[in-house]
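Undergrad: Sending over a structure as structure tokens; questions will come in a sec.
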Amino acid sequence: MRRIGLIVFIISVIWSCNVQKTIVDRPIVFDEERIVLTKEYLSQRYNLEQETAEIVPKIVVLHWTAIPTLKKSFEAFEKSTLPNWRPDIESVSGLNVSSHFLVDQDGTIYRLMPETTMARHVIGLNHCAIGVENVGGTKETPLTRKQLKANIFLVEHLATKYNIEYVIGHQEYTQFEGHPLWLEVDDGYRTEKTDPGMDFMKKVRKATKRFNFKPVPSK
Ligand SMILES: [Zn+2]
């Protein structure tokens, strides 16, 4: 009997190692300035006049930082304003880029900010998109298997928490032009993206098939 109990215990430990992942809170600066700039972004880019910087998540966007370390990746998002932003001369938004989650190469998941506050990580869709950044992505530091597993866990976790309709790679975002969720007012404001690549997206989609996310719109 004791032996069976031990076996059950071992199995449950292995099971929990595989399934349950912890999310570590490591907040970036979200001061009054960042809140003001976020509301300004919602107003100027999307014509959304809101009392708060809240979003209703409908899309999860996966990224890589192309920065090799957790420390440097975190630092890129930490401050409220873009580096070198000069409020007196710059007319574009000075709101710094960020994402809700940052996944280290070892698969550790860090939550940088509340999931329902707007982060600047994807043109056109920030008003409804949760961002997941992965440390690395370059030839020297490609995304790891542990990051893939962590991304799958996060997508499943978020899809059980919110009404997530789409899971996309950043490189797919312009497919939403003309879609009701696309709100960017400036047709000339686009950046070309390759992260996190189709191979990564295929694997995430295969593993999360049971959620029946909608296919990425075709233009
Ligand atoms: Zn990206």
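Undergrad: Give, in nm to one decimal, the length gained when the segment between Asp31 and Lys202 is fully stretched (0.36 nm per residue of separation minus the Cα-Cα distance). Write down the numbers at each step before the final one.
TA: On the way: separation 171, 0.36 × 171 = 61.56 nm, distance 3.72 nm.
Gain on stretching Asp31 to Lys202: 57.8 nm.
Undergrad: For region 45-158, what mean projected area does the convex hull of the alpha carbons give, in nm²?
TA: 7.8
Undergrad: Over the chain, with every protein chain in place, what whole percent of the accessible area is carbon and sulfur at 1.4 Å, could you tell me?
TA: Carbon-and-sulfur percentage of accessible area, whole number: 56.
Undergrad: Let me ask something additional. Which lysines have a Cα less than 23 Å from the Cα of Lys214, not counting those fewer than 8 places away in the same chain?
TA: Leaving aside lysines fewer than 8 places away in the same chain, those within reach of Lys214 are Lys58, Lys149, Lys161, Lys193, Lys202, Lys203, Lys206.
Undergrad: Taking only protein heavy atoms into account and a 1.4 Å probe, give the accessible area per residue of region 17-152 in Å².
TA: 47
Undergrad: Please compute the alpha carbon radius of gyration of the chain, then divide it by the globular-protein estimate 2.2 N^0.38 Å. Two decimals is fine.
TA: 1.09
The values are calculated or read from the model by the stated rules, or taken from the named source; none is laboratory data. Just so it is clear, the structure is predicted and the values come from calculations on it, not from any experiment. Ligands, DNA and RNA are excluded from the accessible area calculation, which covers all protein heavy atoms including side chains. Shrake-Rupley method; radii C 1.70, N 1.55, O 1.52, S 1.80 Å.
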